Amino acid sequence: MGKTNPAIAFIANEIRFCKCGCGRQVKFNLRYTQKCSGHLDGFPDYISGHNPPWNKGLTKETDTRVEKIAIHLSVTKKGKVSIWNKGLTKLNDNRIARYSSILKGKKRSALTRQKISVWHKGKRLSQKTIEKIIASRLGYRHSIETRKKISLGNKGRKTSPESRRKMSLKKSHFWEGLSSEEKSTRIKRMMLSANRKPNKVEQLLNSILQENFPNEWKYVGNGNLIIGGKCPDFTNINGHKLLIELFGTFWHRNETGQDRIELFRTYGFETLIIWQNELCNPVLIKEKIEKWQEHIQS
């Protein structure tokens, strides 16, 4: 057996405490007597896990070491970042399920919400990111179970006047500074991403049109056609600039449709308004469209 250095044996009997202030004693370790470690007396400064990170509170702007590391990572890791939970859900991965159960019902503190709000303030998504989000949402529909949950969550919830004012102000900022063409493009993207389908009343009118005027009218109420920031319901596909708008007896009860007719006319389109209560008589609808077309062509 090798002999223990008397100097080391003497130092090992000393009592040292962790520098973090926890009050726990650090143990003597022979490898900390090596010069390369920087601890020539054989005692570490901290208990494992108690030492503070060297870069705590430092940023690229305040410390050159952090800036160098950030530049190095941006070059070496570019395009190589892998998301460990990509494609995983709580149904096929126990870790996701466990994390989901921990977060369920947990509310963020007021301080945390304020920090998140400050961090997001003034940040705008790039056009490329917006296009990626739109592409990922295109055709997506919530499951029946999810729709029920959303419905129950919103049941009885009322928006305060202050919240409505803020939402209105936010929406006005969303559209300001855009040309008519840019607005139409944005509306079209929003409607297409929502994957809107014709409702029962629109389906009924579409069946009447296809039966009496085959291959002449097309449903575009899903956002396929935007004119002056408005989306008509049906358009003629035989080279004529003709539109048909279907007005519901409830949603359009205070309208005449004349403003919509005048708007589309400025873009060279003629518009026919058909009311929901007229759909009970398909023969009358056919005659109305034929007379309107004859009047336009004359």
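Determine the alpha carbon to alpha carbon distance for each of K56/K107; K166/K197; K86/K197; K128/K148; K123/K148; K90/K148 and list only those over 22 Å.
K56/K107; K166/K197; K86/K197; K128/K148; K123/K148
Once each part is reduced to its C-alpha centroid, what is the distance from region 230-298 to region 78-155 in angstrom?
42
Of G23, N199, G228, whose Cα points farthest to the positive end of the dipole of the chain (charges on the beta-carbon: +1 Lys, Arg; -1 Asp, Glu; origin at the Cα centre)?
About the Cα centre, the residue reaching furthest to the positive side is G23.
For region 99-144, state which trypsin sites (Lys or Arg not before Pro) are in a DSSP loop and have at most 15 other beta carbons lying within 10 Å of their beta carbon.
Loop-located and lightly packed - K104, K106, K107, R108, K121, K123, R124, R141.
Starting from the Cα-Cα distance between S74 and E262, subtract it from 0.36 nm times their residue separation and give me the gain in nm to one decimal.
Difference between extended and current length: 62.2 nm.
Quick check: net charge around W84, other residues with Cβ under 13 Å of its Cβ, Lys/Arg +1 and Asp/Glu -1?
So the surrounding residues net to +1.
Once Lys and Arg get +1 and Asp and Glu get -1 on their Cβ, which of H120, S168, I274 lies farthest toward the positive end of the dipole of the chain?
H120
Quick one: M167, M191, fewest Cβ neighbours within 10 Å first, how do they rank?
The fewest-first ordering by Cβ neighbours comes to M167, M191.
Sum up the charges of everything whose Cβ sits under 14 Å from the Cβ of R157, counting Lys and Arg as +1 and Asp and Glu as -1, but leave R157 out.
Combined, the nearby Lys, Arg, Asp and Glu give +4.
Quick one: what are the phi-derived ³J(HN,Hα) couplings along region 202-218, Karplus 6.51/-1.76/1.60 with θ = phi - 60°, whole Hz, x for glycine and proline?
Values per residue, Gly and Pro as x: 5, 5, 5, 5, 4, 5, 5, 5, 5, 6, 9, 9, x, 6, 10, 10, 10 Hz.
What list of ³J(HN,Hα) values in whole Hz, one per residue of region 279-294 in order, does the Karplus curve 6.51 cos²θ - 1.76 cosθ + 1.60 (θ = phi - 60°) give from phi, with Gly and Pro shown as x?
Values per residue, Gly and Pro as x: 5, 5, 10, x, 5, 5, 4, 4, 5, 4, 5, 5, 5, 5, 5, 5 Hz.
For Q297 and N254, calculate 0.36 nm times their separation in residues minus their Cα-Cα distance, and state this gained length in nm to one decimal.
12.4 nm
Kindly provide the trypsin sites (Lys or Arg not before Pro) of region 241-298 that DSSP labels as loop, not H, G, I, E or B, and whose Cβ sees at most 12 other Cβ atoms within 10 Å. List each step's numbers first, then the result.
Numbers: sites: K241, R253, R260, R265, K286, K288, K291; in loops: K241, R253.
Here the sparse-neighbourhood loop sites are R253.
On full extension of the chain, what length is gained from S117 through C20, given 0.36 nm per residue of separation minus the C-alpha to C-alpha distance?
Stretched fully, the S117-C20 segment lengthens by 31.6 nm.
Please report, in debye to the nearest 20, how large the charge dipole of the chain is about its Cα centre when each Lys and Arg carries +1 at its beta carbon and each Asp and Glu carries -1 there.
2200
Roughly what would the spin-label model give for K171 and W54, points 7 Å off Cα along C-beta, in nm?
Label at K171, label at W54, 5.5 nm between them.
For Cα Rg over 2.2 N^0.38 Å, the choices are [x] 2.77; [y] 0.98; [z] 1.78; which was calculated from the structure?
Computing Cα Rg over 2.2 N^0.38 Å and matching it to [x] 2.77; [y] 0.98; [z] 1.78 gives [z].
Restricting attention to region 220-298, which GluC sites (Glu not before Pro) occupy a DSSP loop and are surrounded by at most 15 other Cβ atoms within 10 Å?
Hits after loop and neighbour filter: E255.
Show the residues, 5+ positions off or on another chain, whose built amide H is closer than 5 Å to the amide H of V26.
The answer is R16, F17, C18.
Name the residues whose placed amide hydrogens come within less than 5 Å of the amide hydrogen of N195, ignoring near sequence neighbours (fewer than 5 apart) on the same chain.
Distant-sequence amide H within range of N195: G139.
Where a number appears in this text, it was derived from the coordinates with a stated rule and is not lab data. None of these values were measured; they are calculated from a predicted model. Cβ: placed from backbone, ideal geometry, glycine included. Neighbour counts: every protein chain shown.
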